[in-house]
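The values are calculated or read from the model by the stated rules, or taken from the named source; none is laboratory data. Just so you know, these numbers come straight off a predicted model, no measurement behind them. Cβ placement follows ideal geometry from the backbone for every residue including glycine, while neighbour counts extend to all protein chains displayed. Ligands, DNA and RNA are stripped out before the accessible areas are found, and what is left, the full protein with its side chains, is counted by its heavy atoms. Shrake-Rupley method; radii C 1.70, N 1.55, O 1.52, S 1.80 Å.
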Amino acid sequence: MALYLFWRVAIRELRLMGVDERWTRFLLLDEKHVEQVGPTDAALIRCAKDASEHAFILTHDEPLWGICKKERVPCMVTSEILVHLYSI
């Protein structure tokens, strides 16, 4: 499934919202998360937890989504949005 439409809309909306992009230090990441999903996704989880309750992760990765749901980190799978976009 082509995600170009989704990412085009997402990038535009994030720019309009003035989203605060953050970096996190590798050694501050949860070792369990690094082992399960790697440092990139572990950093996403860390940033979402450090942000506010309004920060969420948007992913196409089911394992990352599962970890987020388990740990109550707000997360949405891109396929959920694509279903909505293509049903309009």
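Would you pick out the residues in the stretch 33-78 that are under 13 Å from the mean Cα position of the chain (by Cα), assigned to a helix (DSSP H, G or I) and not aliphatic (A, V, I, L, M)? Matches in the stretch 33-78: Thr40, Asp41, Arg46, Cys47, Lys49, Glu62, Pro63, Trp65, Gly66, Cys68, Lys69, Thr78.
Conditions tested, residue by residue: (1) of a type outside the set (Phe, Trp, Tyr); (2) in contact (Cβ under 8 Å) with a residue 40 or more places away in the chain.
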{"position": "Tyr4", "(1), (2)": "no, no"}
{"position": "Arg12", "(1), (2)": "yes, no"}
{"position": "Arg15", "(1), (2)": "yes, no"}
{"position": "Asp20", "(1), (2)": "yes, no"}
{"position": "Leu29", "(1), (2)": "yes, no"}
{"position": "Asp41", "(1), (2)": "yes, no"}
{"position": "Ile57", "(1), (2)": "yes, no"}
{"position": "Pro63", "(1), (2)": "yes, no"}
{"position": "Leu82", "(1), (2)": "yes, yes"}
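Do we find a residue being charged (D, E, K, R), closer than 21 Å to Ala10 by Cβ and open to solvent by 50 Å² or more (accessible area, probe 1.4 Å) anywhere in the stretch 62-70? Yes, because at least one residue in the stretch 62-70 is charged (D, E, K, R), closer than 21 Å to Ala10 by Cβ and open to solvent by 50 Å² or more (accessible area, probe 1.4 Å). In the set (1) exposed (fewer than 13 other Cβ atoms within 10 Å of the Cβ); (2) modelled with pLDDT under 90; (3) closer than 26 Å to His84 by Cα; (4) touching a helix residue (DSSP H, G or I) at 6+ places or on another chain (Cβ under 8 Å), Leu28 fails one condition alone, (3).
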